[in-house]
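The values are calculated or read from the model by the stated rules, or taken from the named source; none is laboratory data. Since the structure is predicted, the reported quantities are computational estimates derived from the model, not experimental observations. Positions of Cβ are backbone-derived with ideal geometry, glycine not excepted, and every protein chain shown enters the neighbour counts.
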Amino acid sequence: MASLVALYGVDTDMLNFGISTLSYENTRQKIIKLKKISILSDCYNASLESFEAAFDTVSAMKNHPAFSLVIGDIDELSDMSESIHHRLGAMLTRYGFRKI
């Protein structure tokens, strides 16, 4: 979180408040604006297809040249989980995202 604060100049208390007041009634492709930061929240029942849709959306946001992704596990896939996570990594690479 410290790197987001340093990178975008957002007050830590404001960021914490914004995150704590997130509402989950619409959890697909919801854009939340906090001063200089836009958060694309797509956090309901993740799937490879929903990640790809989110990556398409982020890639199309031309007015936001810098962004960070926070990605959780897709745990509900049991025996397919490892394969799906490898495919997700390949997708991240294809979209040009990189680990920093």
Item checked: Residue count, region 17-35 (criterion: exposed (fewer than 12 other Cβ atoms within 10 Å of the Cβ) and either in contact with a Leu (Cβ under 6 Å, 6 or more places away or on another chain) or at pLDDT 70 or above (or both)) -> 5
Notebook entry, point to check: Does E82 qualify as being more than 14 Å from the chain's Cα centre (by Cα) and modelled with pLDDT of 80 or more?
Noted result: yes
Item checked: Residue match in region 87-100 (condition: of a type in the set (A, V, I, L, M, F, W, C), surrounded by fewer than 11 Cβ atoms within 10 Å (Cβ to Cβ) and modelled with pLDDT under 75) -> yes
Item checked: Subset of region 69-98 (residues that are part of a loop (DSSP other than H, G, I, E, B) and not basic (K, R)) -> L69, V70, I71, G72, D73, I74, Y95, G96, F97
